[in-house]
1. Restricting attention to region 32-75, report how many residues are surrounded by fewer than 15 Cβ atoms within 10 Å (Cβ to Cβ), modelled with pLDDT under 85 and not in a helix (DSSP H, G or I).
2. Quick one: in region 134-157, which of the residues that are free of Cβ contacts under 8 Å to residues at least 40 places away in the same chain, of a type outside the set (Gly, Ala, Ser) and part of a helix (DSSP H, G or I) is most open to solvent (accessible area, probe 1.4 Å)?
3. Can you tell me which residue in region 162-188 is farthest from ASP137 (Cα to Cα), limited to those that are open to solvent by 90 Å² or more (accessible area, probe 1.4 Å) and either outside any helix (DSSP H, G or I) or among the acidic types (Asp, Glu) (or both)?
4. Quick check on my filter: what residues within region 232-266 are among the hydrophobic types (A, V, I, L, M, F, W, C), under 30 Å from THR169 (Cα atoms) and free of Cβ contacts under 8 Å to residues at least 24 places away in the same chain?
5. Has region 217-227 got at least one residue that is surrounded by 12 or more Cβ atoms within 10 Å (Cβ to Cβ), within 17 Å of ALA163 (Cβ to Cβ) and of a type in the set (Gly, Ala, Ser)?
6. Show the residue pairs that are 6+ apart or on different chains and have beta-carbon atoms under 8 Å apart, the first residue being within region 168-180 and of a type in the set (A, V, I, L, M), the second being open to solvent by 60 Å² or more (accessible area, probe 1.4 Å).
7. Within region 189-201, can you find the residues that are open to solvent by less than 60 Å² (accessible area, probe 1.4 Å) and either over 30 Å from PHE128 (Cβ atoms) or at pLDDT 80 or above (or both)?
8. I'm trying to understand the selection: among the residues of region 42-89, which are polar (S, T, N, Q) and within 26 Å of LEU262 (Cβ to Cβ)?
Amino acid sequence: MLSDITIGQYYPGRSLLHRLDPRVKIMLLLLLMAEIFIFSNWFAYGALILLTGLLMLASGVPVLVLLKSIRPLLWIIVLTFIIHLLGTPGEEVAKLGPVAITQEGISRGSFICLRLVLLILLSSLLTFTTSPVKLTDAMEALLSPFRRFGVPAHELAMMMTIALRFVPTLIEETDRIMKAQQARGVDFSSGGLATRIKAAVPIMVPLFLSAFRRADELALAMEARCYRGGVGRTQMKALAVTRLDYAAVTLMVLLAAGLSALAWLN
């Protein structure tokens, strides 16, 4: 189960998505997220599903690895579908005791679940194809216009990147602690909810201690390298927008315009 959590993982490669400027990738991700929430017809979702599939193939990341990013949130997706299935009024198609299943509930539940799946896959594509260093530089560059309003752009970008970077590390640490506890006879797979919560306590305590120790070591390492925030900081490899980025932006804008035109005609 823990090995299925792929948040914050980077998959090295030289694909088209890897070569895109990280600032462009973040902006295009926000544009696609807006399209996912704005459009609500099956034709638009068909186009977005096709686009997501093409991006997955173009990323060079194995499709199964990308699909694994859905698994940790699968229960949320299923629960969301059930809530909409049973709680949306409309034309009745079946009845489960006092609860009616409606055609509108099936349609709305499917739309919401599809939205969640697309959001997870597109977000995973960004982290799989963008190294943490580039992600930090891109976030800092995008937040830099807000510095005049007192927003600490560099510090925010650094915190977000460290948090993302630490997710795989903490997952590995949790897995290691669980195996150590299982070797001592602890059973995490049986018993009721209270039993499982009680069994998780021996995991949480060493996990928190390990996280604090790693944070302390990271702070010492940054101080030893004379880290003083973003003031006067330069980049070894400056970000640069290329023709590939312009082509990607043009395609995405044309897609958004086409979907908007179809929505307006309908």
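1. Of the residues in that region, 2 qualify.
2. ARG148
3. Out of the qualifying residues, it is ARG184.
4. MET236, ALA238
5. For region 217-227, residues surrounded by 12 or more Cβ atoms within 10 Å (Cβ to Cβ), within 17 Å of ALA163 (Cβ to Cβ) and of a type in the set (Gly, Ala, Ser): absent.
6. The qualifying pairs are ILE171/SER3.
7. SER190, GLY191, GLY192, ALA199 - these are the residues of region 189-201 that are open to solvent by less than 60 Å² (accessible area, probe 1.4 Å) and either over 30 Å from PHE128 (Cβ atoms) or at pLDDT 80 or above (or both).
8. THR52, THR88
The values are calculated or read from the model by the stated rules, or taken from the named source; none is laboratory data. Since this is a predicted model, take the numbers as computed values, not measurements. Positions of Cβ are generated from backbone atoms using ideal geometry, with glycine treated the same way; all protein chains shown enter the neighbour counts. These area figures cover heavy atoms from the full protein model, side chains too; ligands, DNA and RNA do not enter into them. Shrake-Rupley method; radii C 1.70, N 1.55, O 1.52, S 1.80 Å.
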